[in-house]
Amino acid sequence: MFRKFMGLFSNDLSIDLGTANTLIYVRGKGMVLNEPSVVSIRNNHRGSGMRSIVAVGENAKMMLGKENKDIQTVRPMKDGVIADFEVTEKMLQSFIRKVHEAKFFQPSPRVLVCVPCGSTQVERRAIRESAAGAGAREVYLIEEPMAAAIGAGMPVSEPTGSMVVDIGGGTTEVATLSLNGIVWSDSVKIGGDRFDDAIIKYVRRNYGMVIGESTAERIKKNIGTAYHEVNPETMEIHGSNMAESAPRRFTLNSNEVLEALQEPLHTIISAVRTALENTPPELGADIAEHGIVLTGGGALLRNIHTLISEETGIPVIIADDPLTCVARGGGRALELMDEKGLDVFSFD
């Protein structure tokens, strides 16, 4: 009863609880939060043996790789699911408070969380309980490909085949959709984090240099590409030389980054091909006509649409603002749920 009363002072939220970033869409306000899914923890707080939260989101990410012996910076989400329940709950609590302006009341919103289509019932229960523990009075789950397709403006309610490829931080979701449902879907544990790991390993193997996650992410964003370039871009990198154990500089170009990313890119292409093979012929004809839509932060990797299009022979379109498609689609799903009832989509 108390939570229902508190709900009068809270806004409905759609949360894209991602491995790399957490995005929150507030009904009636739009996108209000986009922060890294990173938490800094102080171990053995004041000698009590307990853990305490030092920073969450952007402030915590700034500490990544620069902590002292008492502070540990962690990513509580791994491959799109919860790796540390307690820390995820605290992170969500912090984000939910941040997006609510009413300071006198503990927010108790209705929350829709987007989950990977390959997540198990145990993993979904953990996400539901974490959101409830963070203060949500009602928690709904929707699969990420459906939310991404709605956010991208695809005609998911029509008797037409649509295909969405959502490349997130921890997973890539590939799905064929029709009539407000998923016809076929797959989730592979490849995403932006695996791109970063591949760059770190390539630099270590070919240059004998050690770089951190933040540097690898900068390389990916600045000069990363999924397709060979005639005039590759270059970037000066600072790292630690393994042989000399000293800081050194070196130059990397975009075609070298492409070489580093070959394995994760091949896995994504294989997942798309498998989805096309498992799509019924009539829906496949619609997809061939209208194309595949890319969403998620991975869609921002330069030329990835060109690579997928060349490998599949089907047009590929990058959605507008692909990073926020899932959260925006979840927000629209909440609105449709109120307008037409819970049975519009397959909510958990």
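Looking only at strands (runs of 3 or more DSSP E) that fall completely inside segment 26-88, which ones have 3 or more residues that are without any contact (Cβ under 8 Å) to a residue 24 or more places away in the chain and either polar (S, T, N, Q) or over 19 Å from HIS100 (Cβ atoms) (or both)?
52-56
For the list (1) within 25 Å of ASN21 (Cα to Cα); (2) in contact (Cβ under 8 Å) with a residue 60 or more places away in the chain, I need the number of the one condition that SER162 fails.
With (1) within 25 Å of ASN21 (Cα to Cα); (2) in contact (Cβ under 8 Å) with a residue 60 or more places away in the chain applied to SER162, the lone miss is (1).
Quick check on ILE269: is it touching a strand residue (DSSP E or B) at 6+ places or on another chain (Cβ under 7 Å) and either of a type in the set (D, E, K, R) or in contact (Cβ under 8 Å) with a residue 24 or more places away in the chain (or both)?
No.
Please go through segment 82-102 and give me each residue that is open to solvent by 20 Å² or more (accessible area, probe 1.4 Å) and either charged (D, E, K, R) or in contact with a Gly (Cβ under 9 Å, 6 or more places away or on another chain) (or both), ordered by number.
ASP84, PHE85, GLU86, GLU89, LYS90, GLN93, SER94, ARG97, LYS98, GLU101
Being within 24 Å of THR267 (Cβ to Cβ) and open to solvent by 70 Å² or more (accessible area, probe 1.4 Å): is that true of GLU236 here?
Criteria not met by GLU236.
Scanning for something part of a helix (DSSP H, G or I), touching a helix residue (DSSP H, G or I) at 6+ places or on another chain (Cβ under 7 Å) and not polar (S, T, N, Q), does segment 227-234 turn up at least one residue?
Within segment 227-234, not a single residue is part of a helix (DSSP H, G or I), touching a helix residue (DSSP H, G or I) at 6+ places or on another chain (Cβ under 7 Å) and not polar (S, T, N, Q).
Filter segment 218-233 for residues that are out of contact with any Lys or Arg (no Cβ under 8 Å at 6 or more places or on another chain) and surrounded by 20 or more Cβ atoms within 10 Å (Cβ to Cβ) and give the result.
Hits for segment 218-233 are ILE219, LYS220, ILE223.
Just for segment 152-188: of the residues that are out of contact with any strand residue (DSSP E or B) (no Cβ under 8 Å at 6 or more places or on another chain) and assigned to a loop (DSSP other than H, G, I, E, B), which one is surrounded by the most Cβ atoms within 10 Å (Cβ to Cβ)?
Among those that are out of contact with any strand residue (DSSP E or B) (no Cβ under 8 Å at 6 or more places or on another chain) and assigned to a loop (DSSP other than H, G, I, E, B), it is GLY168.
Checking GLU213 against (1) open to solvent by 60 Å² or more (accessible area, probe 1.4 Å); (2) modelled with pLDDT of 95 or more, only one condition comes out false. Which one?
Only one criterion is unmet by GLU213, namely (2).
The values are calculated or read from the model by the stated rules, or taken from the named source; none is laboratory data. What you see is a predicted model; the values in this text were computed from it and never measured. When we count neighbours, we look across all protein chains shown, and the Cβ atoms used for this are built from the backbone with ideal geometry, even at glycine. Side chains included, ligands, DNA and RNA excluded: accessible areas come from the protein's heavy atoms. Shrake-Rupley method; radii C 1.70, N 1.55, O 1.52, S 1.80 Å.
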